[in-house]
Amino acid sequence: SECLFCSIAAGEIPSSKVYEDDVCFAFNDIAPQAPTHFLVIPKAHIAPAGDYGGKFRVVAHCFEVISKVTKDLGIAQFRVVSNCGEQAGQSVFHLHFHVLAGRDMTWPPG
Ligand code: AMP
């Protein structure tokens with residue numbers, strides 16, 4: 001696959017997996033911006049972010065995964081971020097949700 005996150009979800013590129021089911025894959029970010037920083041992605045390629053292609057059940061499922069994994073990790077306070085487009089800081093054009101925790105966060109974000 002030409003898409004990095006498709007390759008990670010397929011296990012073709014190694015990652016530090018934190019969760020997987022039929023629909024979603026979650027793994028630690030390679031350049032963590034907080035003590036806990038993992039990404040939740042749909043296994044299906046959805047791009048560009050912001051246009052979910054009508055796949056709202058998949059998006060909702062990502063948030064169920066975020067809820068489950070943070071609970072399993074004992075994390076009660078966290079931030080979820082999805083960068084949509086280059087101006088917002090998106091660098092991988094496969095829909096993903098950052099989950100960040102373990103430090104004070106600024107608001108508004110930089
Ligand atoms: P974004 O900039 O919102 O598109 O987020 C992409 C994220 O993917 C960044 O936080 C990167 O650090 C992360 N990333 C890039 N390559 C990898 C990789 N091979 N494994 C894990 N995370 C990665």
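The values are calculated or read from the model by the stated rules, or taken from the named source; none is laboratory data. On a predicted model such as this, the values are computed, not experimentally measured, just so you know. Every residue, glycine as well, gets a Cβ built from its backbone with ideal geometry; the counts of neighbours run over all protein chains shown. SASA here: full protein model, heavy atoms, side chains in, ligands and nucleic acids out. Shrake-Rupley method; radii C 1.70, N 1.55, O 1.52, S 1.80 Å.
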Subject >> Stretchable slack from Ala44 to Ala88, in nm (0.36 nm times residue separation minus alpha-carbon distance) >> reply: 13.6 nm
**OP:** Take the Cα atoms of the range 17-75, build their convex hull, and give its volume per residue in Å³.
**Re:** 94
Original post:
Roughly how many Å² is the accessible area per residue of the chain, as a whole number, for a 1.4 Å probe?
Top reply: 60
Subject >> Residue with peak Gaussian network fluctuation, the chain [Cα springs, cutoff 10 Å], from Ala47, Ala34, Ala76 >> reply: Ala76
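Please identify the GluC sites (Glu not before Pro) of the chain that satisfy two criteria: DSSP loop assignment and at most 14 other Cβ atoms within 10 Å. Which are they?
Those that pass, being in a loop and sparsely packed, are Glu2, Glu12.
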Subject >> Ile30 paired with Asp104, simple spin-label distance in nm, labels 7 Å along Cα-to-beta-carbon >> reply: 3.2
**OP:** Output the direction-averaged projected area (hull surface divided by four) of the convex hull of the alpha-carbon atoms of the chain, in nm².
**Re:** 6.9
Original post:
Which residue, Val80, Val59, Val40, has the most motion in a Gaussian network model of the chain that connects Cα atoms within less than 10 Å?
Top reply: Val80
Subject >> Charge sum, other residues only, whose C-beta stays under 10 Å from Leu100's C-beta, Lys/Arg counted +1 and Asp/Glu -1 >> reply: +1
Original post:
Where does the chain land at 222 nm, in deg cm²/dmol rounded to the nearest 500, when only DSSP H runs of n ≥ 4 count, each adding -39500 (n - 2.57), divided by all residues?
Top reply: -7000 deg cm²/dmol
